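Let me begin by presenting the structure, written as structure tokens, before commenting on it.
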Amino acid sequence: MVITGSFSELSRDQIKEKLQLLGANVTGSVSKKTTILVAGDKAGSKLDKAKSLGIKIINEEELNQLISDLK
């Protein structure tokens, strides 16, 4: 997973920590191996790259749902 952009509830570091505690591998760059991009406001070039590679993109609301489902 890759996290990009800004979020209203948590910082990127807090999101990364929560995802890692749930077993996710969080990296800093988008590649063919990326399975999900978590995109906040002003996501920028990582969002563009994820779209071009056909990677699943979720927003903050979907992230919160994913985290609660995995708990």
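Taken together, the values in this text are just the output of simple stated rules run on the coordinates, not laboratory data. Everything numeric in this text was worked out from a predicted model, so none of it was measured. Neighbour counts are summed over all protein chains in view; Cβ atoms, including those assigned to glycine, are modelled from backbone coordinates with ideal geometry.
Cross-link list 46/71; 42/71; 18/46: which exceed 25 angstrom alpha carbon to alpha carbon? Correct reply: 46/71; 42/71.
Given +1 at the Cβ of Lys and Arg, -1 at the Cβ of Asp and Glu and no other charges, the dipole of segment 2-70 around its Cα centre is 460 debye to the nearest 20.
Of all lysines in the structure, the ones whose alpha carbon falls short of 16 Å from that of residue 49, not counting any fewer than 8 places away in one chain, are 32, 33. The residue among 55, 7, 19 whose Cα reaches farthest toward the positive pole of the charge dipole of the chain, with charges on the beta-carbon of Lys, Arg, Asp and Glu, is 55.
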